[in-house]
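In what follows, a single structure is set out as structure tokens and then discussed.
What follows is calculated from the coordinates using simple rules that are stated; it is not laboratory data. This is a predicted model, so every value here is computed, not measured. Cβ: placed from backbone, ideal geometry, glycine included. Neighbour counts: every protein chain shown.
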Amino acid sequence: MSDPAVVAEQVEHVVQDGIAWLSVANPPVNALSRSTRVALIDALDRAEADPGVRIVVLQGRGHTFPAGADIAEFDAPLEAPWIPELCARVEGFPKPVVASLHGTVLGGGLELALAAHYRIALASTRVGLPEVRLGLIPGAGGTQRVPRMLGAGPALDLMLSGAMMPVDVAPGRALVDALADGDLRAATETYCRTLLDEGKGPRRSSDIRKGFADAATYQKAVAERRAMVAQRPEIAPREIVAAVEAAWLLPFEAGLAFEEDAFATCLKSDQSRALRGAFFAERRAHRFGFPKGTAIPALDRIAVLGGGPLAAQLVITALNAGLGVNWGTRDPDAIRAGVMHVRDVFREGVAKGLPEAQAEERMALLKVGDSARMTEGADMILHAARGQGDVPAPEGVVRAVVFSGRVQELGLRFAPPVYGTRLVEVIAGPQSTAAQHATALSLARALGKIAIKVRSEGDSLAGHLMAACQRAADALVDAGQTPYRIDQAFRDWGWSRPPFQARDMAGFNETAGQSRAEGARNWSVVLADAGRSGRAAGRGFYLWPGDGQAPREEPAVLAVLDGLRRPAPPMPLDAIRLLVLGAMANEGARMLASGMASRPSDIDIAAVLALDMPRWRGGPMHLASVPGLLAVQRALQRFDHPDRAFWTPEPVFADLIKNGRTFDSLNV
């Protein structure tokens, strides 16, 4: 039962001169939670029964019209009234219903708006159906109503991309009946008066046929998008195409039933669970556990100290985010070369469509000079190269070490390349403070990145995970498997950077320095001794022909391996994945036990954003629950390898199994 007081607060019901204004107030995004849905249906019932109400307006208070469902509800049985029922109530309402749109109208919010009889929107409104990013399809009529209005091509592009669409230009303009440039409420009232004066009654969007006008174009768009998604491993895109085709082939009610079944199929899939988990993990990551009253400072200008590729990437990323940058080095030649590189990057951007004026604005945010002078006026200092630690800086300005190495206070570890990835690990060293962490979080937000807090003296979660992955892969080679069989197991699974190919791409410097237990081998050392050091040298575990050609397996590598260990029959691919991913989850458990990681979902974020594990699969902590923790525990215990300390399951496995829980249940 919903609390009546809460319901009343979430939907304001005001009747003025025959117009019932139903205003959703469920901040921050006016999500269509169950209590909000109950309140809306109650308000509609009242408006229908009120003879003084001639027309109904649906609107959102605050920043936006309702922006979709409450995603947390997807992890439990869906409670009535679900959004499709609300949309059916709106579309079948006996009095005209107008949706008054502003902000970002997404998912179920857009489906609600499309179920209304008429739509007016601020010209700045953007709409979208981003369900595919959660492994779902629109489930409240979106796959049936949007094609009726836009046709198959634009409808499929909207749903398959998950991107937002403006409503003031085509094709989005066809989703709304009128635009407002100023006072939306006044414009909506005028629009309602016009509808009433013209005697306009309810108009069901399910009766619209404009998008079906050209049958050949519709069918061609479906066929093209079906071919496009056929090779993708995700379920939802294929179901979206099928549902949009059903909109053309089936009566509306039958199309809704088709959509409902497809939505249910996606909702219960492992893919959607992983994608929903990733969504919540990113929202959860910013919870740094600050003491009450900790301020998150605003950053307008940062100093980047040091030359080289890392510094240049940081500079480009900050400039693209609109931050001012003071770039300092003690080497004038290095800074000149760096500035030339940055200019070249922006020239390439202009060639690809970046407005030249925008590129010039970004370059104008850059100042360069000697390191000591560049700290002046900076809100934060990033040490991007060694040899800059003694540079004086204004008192109170937070410094962060961005390159790898020991960290006593604050460090930042950006997933490479800095300008192309979304992860930054905030290294909370033993002497770091809450104020430093808050400044780091502010920088991450300014750069549009996901920040996760890591308690260490310099190590990153991504680094530990990759080291565990490589250690497990080496152990499987010890046991007689080939690097190519191991990589195949993950390439077929959807990981574009399987262990040994990733090792070649990075070079062997890091993996060759990793220790192995007595009786185990570090196969990077073995190949390096054989004159093979990775892609840069043209040969590592693979032969790298260059010129964009794919790497090739090398019989010579197998000869080297077989000279030092006994080959074994090929292990099933799923058994390989279970062992490697299980070893990574076990390493995650060690990081949780030590306090290095705050929660399992942070570890999964690092795996997806830094190691490029498939988002629709999830990270190793989430994946441990797919076969079940007991299966993972037994696989680790049964693997016969001398590195027992590495393969022995952490105690948390037994604790979770005993209590019927998973690592996901530890996320807070």
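Give the relative contact order (percent, whole number) for the chain; include only Cα pairs under 8 Å separated by 6+ residues.
Details: 1222 pairs, mean separation 57.3, N = 668.
Computed value for the chain: 9 percent relative contact order.
Taking the stretch 138-236, which GluC sites (Glu not before Pro) meet the DSSP loop condition and have no more than 15 other C-beta atoms within 10 Å? Show your work: numbers first, answer last.
Numbers: sites: GLU189, GLU198, GLU224, GLU234; in loops: GLU198, GLU234.
Sites meeting the loop and neighbour criteria: GLU198.
Once you keep just the Cα pairs under 8 angstrom separated by 6 or more residues, what percentage relative contact order results for the stretch 68-117? Walk me through the intermediate numbers first.
On the way: 34 pairs, mean separation 26.3, N = 50.
Relative contact order for the stretch 68-117 comes out at 53 percent.
Which of the three applies to the stretch 610-668, rounded, prolate or oblate, going by the alpha-carbon gyration tensor with a ≥ b ≥ c and a/c under 1.5 meaning rounded?
Values: a/c = 2.03, a/b = 1.22, b/c = 1.66.
Since a/c reaches 1.5 but b/c is at least a/b, the shape of the stretch 610-668 is classed as oblate.
Within 10 Å, count the other beta carbons around each residue, average over each peptide in 105-117, 305-317, and list them highest first.
Highest mean packing first, the order is 105-117, 305-317.
For the pair ASP75 and SER594, how long in nm is the line joining their label points, each one 7 Å along Cα→Cβ?
Result for the modelled spin labels: 2.7 nm.
Which whole-number percent gives the relative contact order of the stretch 301-459, counting Cα pairs below 8 Å spaced six or more residues apart?
Working: 309 pairs, mean separation 35.8, N = 159.
Across the stretch 301-459, relative contact order equals 23 percent.
HN-Hα J couplings of the stretch 12-27 from phi, Karplus 6.51/-1.76/1.60, θ = phi - 60°, integer Hz, Gly and Pro as x?
7, 10, 10, 10, 9, 6, x, 9, 8, 9, 9, 10, 7, 10, 9, x
Cα centroid distance between the stretch 368-384 and the stretch 211-232, in Å?
What the calculation gives is 54 Å, centre to centre.
Compute the Rg to Rh ratio over the stretch 301-459 from the alpha carbon atoms, using the Kirkwood formula for Rh, and round to two decimal places.
Details: Rg = 14.9 Å, Rh = 15.6 Å.
We get a ratio of 0.95 for the stretch 301-459.
If R0 is 35 Å, what FRET efficiency do you get for GLN431 and LYS352 from their C-beta distance, rounded to 0.05?
0.20
Residues of the stretch 461-487 with backbone nitrogen within less than 12 Å of a virtual label 7 Å along the Cα-to-Cβ line of LEU573, please, listed as ranges.
Correct set: 485-487.
Alpha carbon centre of the stretch 136-185 versus the stretch 536-576: separation in Å?
A separation of 49 Å, based on Cα centres.
Can you order the peptides 145-152, 521-528, 22-29 by their average number of other Cβ atoms within 10 Å per residue, highest first? Mind showing how you got there, number by number?
On the way: 145-152: 24.9, 521-528: 20.8, 22-29: 18.1.
Most protected by this proxy first, the peptides run 145-152, 521-528, 22-29.
What distance in nm lies between label points placed 7 Å from Cα along the C-beta direction at GLN549 and ASP207?
6.6
Does the chain classify as rounded, prolate or oblate by the C-alpha gyration tensor (a ≥ b ≥ c root eigenvalues; a/c under 1.5 gives rounded; else a/b over b/c gives prolate, otherwise oblate)? Don't skip to the answer; put the middle values down first.
Numbers: a/c = 1.95, a/b = 1.52, b/c = 1.28.
Note, shape of the chain comes out prolate.
How much length is gained on full extension from ALA536 to LYS220, taking 0.36 nm per residue of separation minus their Cα-Cα distance? Intermediate results must be reported in sequence, preceding the final value.
Working: separation 316, 0.36 × 316 = 113.76 nm, distance 4.48 nm.
Length difference between fully extended and current span is 109.3 nm.
Which length gain, in nm to one decimal place, applies between ASP181 and ASP157 when the Cα-Cα distance is subtracted from 0.36 nm times their residue separation? Numbers along the way, then the final one.
On the way: separation 24, 0.36 × 24 = 8.64 nm, distance 2.69 nm.
Residue separation times 0.36 nm, minus the Cα-Cα distance, leaves 5.9 nm.
With the Cα gyration tensor of the stretch 4-267 giving a ≥ b ≥ c as the square roots of its eigenvalues, does the rule (a/c under 1.5 for rounded; else a/b larger than b/c for prolate; else oblate) give rounded, prolate or oblate? Numbers along the way, then the final one.
Details: a/c = 1.79, a/b = 1.42, b/c = 1.26.
In terms of gyration-tensor shape, prolate.
Helix-only estimate, please: 222 nm mean residue ellipticity of the chain, summing -39500 (n - 2.57) across DSSP H runs of length 4 or more and dividing by its residues, to the nearest 500. List each step's numbers first, then the result.
On the way: 28 runs with 307 residues, N = 668.
Mean residue ellipticity, 222 nm, calculated: -14000 deg cm²/dmol.
Distance in nm between label sites at GLU457 and LEU249, each 7 Å beyond Cα in the beta-carbon direction?
The answer from the label model is 6.4 nm.
How do the peptides 383-394, 254-265 rank, highest first, by the average count of neighbouring beta carbon atoms within 10 Å per residue?
So the order, starting with the most tightly packed, is 254-265, 383-394.
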